[in-house]
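Below you'll find the structure, written out as structure tokens, and then a few comments.
The values are calculated or read from the model by the stated rules, or taken from the named source; none is laboratory data. Since this is a predicted model, take the numbers as computed values, not measurements. Because the Cβ atoms are built from the backbone with ideal geometry, glycine has one as well, and the counts that use them run over all protein chains shown. Side chains included, ligands, DNA and RNA excluded: accessible areas come from the protein's heavy atoms. Shrake-Rupley method; radii C 1.70, N 1.55, O 1.52, S 1.80 Å.
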Amino acid sequence: MSEREDFLAWVGSDLYAAELALHNGDAGPRRGLWSHGEPVSVLGAWRNAFGLREVDELFTHLAESFSECTSYAFDLRAYDVVGDLAWTAGFERTSVSVNGEPTSYALRVTQIYRREDGGWRVAHRHGDEGP
């Protein structure tokens, strides 16, 4: 399997599972896939975070807000791997309860990854609802 195929398989398995868990109220798997070294950042649809402490607080907040995810899909539109860096761009479509209220939404999402200790870790996320 090529480096790009390996990365794509990770996106479709481990990363997907971590996002699904977050939307069911469990931030642990997402924390496990994020970089534990600076810099890390989120330009989020609801809240921004810069640095390890703020990113961790954001994940806690999101997990406390989300529950009962009935649908999560990531429509990957573009990606690449260049050495120890990679990126993805696509659309997330989610049906979930937010603070107990069922809702559905779509986000445009771009993420940047870096290889750490032989595995991929998320270093930056930008998500917004778009125009």
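Observations on the model:
- Within segment 100-131, considering residues that are over 21 Å from G28 (Cα atoms) and open to solvent by 70 Å² or more (accessible area, probe 1.4 Å), the one modelled with the lowest pLDDT: P131
- Residue match in segment 63-77 (condition: open to solvent by 90 Å² or more (accessible area, probe 1.4 Å) and polar (S, T, N, Q)): yes
- The residue that is farthest from the chain's Cα centre (by Cα), counting only those in segment 91-123 that are more than 24 Å from P39 (Cα to Cα) and small (G, A, S), is G100.
- Any hit, segment 69-84, residues being in contact (Cβ under 8 Å) with a residue 60 or more places away in the chain, touching a Gly at 6+ places or on another chain (Cβ under 9 Å), under 19 Å from E129 (Cα atoms) and of a type in the set (F, W, Y): yes
- Tabulated pairs, segment 111-128, first closer than 16 Å to A89 by Cα, second modelled with pLDDT of 95 or more and among the polar types (S, T, N, Q), C-beta under 6 angstrom, 6+ apart or interchain: Q111/T88; R121/S35; V122/Q111; A123/S35; H124/S41; R125/Q111; H126/T110
- Criterion applied to G37, G51, G12 was being in contact with a Leu (Cβ under 9 Å, 6 or more places away or on another chain), over 18 Å from D117 (Cβ atoms) and of a type in the set (G, A, S), and the one residue passing it is G12.
- Among (1) without any contact (Cβ under 8 Å) to a residue 40 or more places away in the chain; (2) more than 17 Å from R115 (Cβ to Cβ); (3) part of a helix (DSSP H, G or I), the one test that D26 misses: (3)
- Number of residues in segment 63-95 that are of a type in the set (G, A, S), closer than 22 Å to R47 by Cβ and part of a strand (DSSP E or B): the value is 4.
- For segment 34-48, a tally of residues being open to solvent by less than 20 Å² (accessible area, probe 1.4 Å) and either out of contact with any Lys or Arg (no Cβ under 9 Å at 6 or more places or on another chain) or assigned to a loop (DSSP other than H, G, I, E, B) (or both) returns 2.
- Condition met for V96 (closer than 16 Å to T70 by Cα and of a type in the set (A, V, I, L, M, F, W, C)): yes
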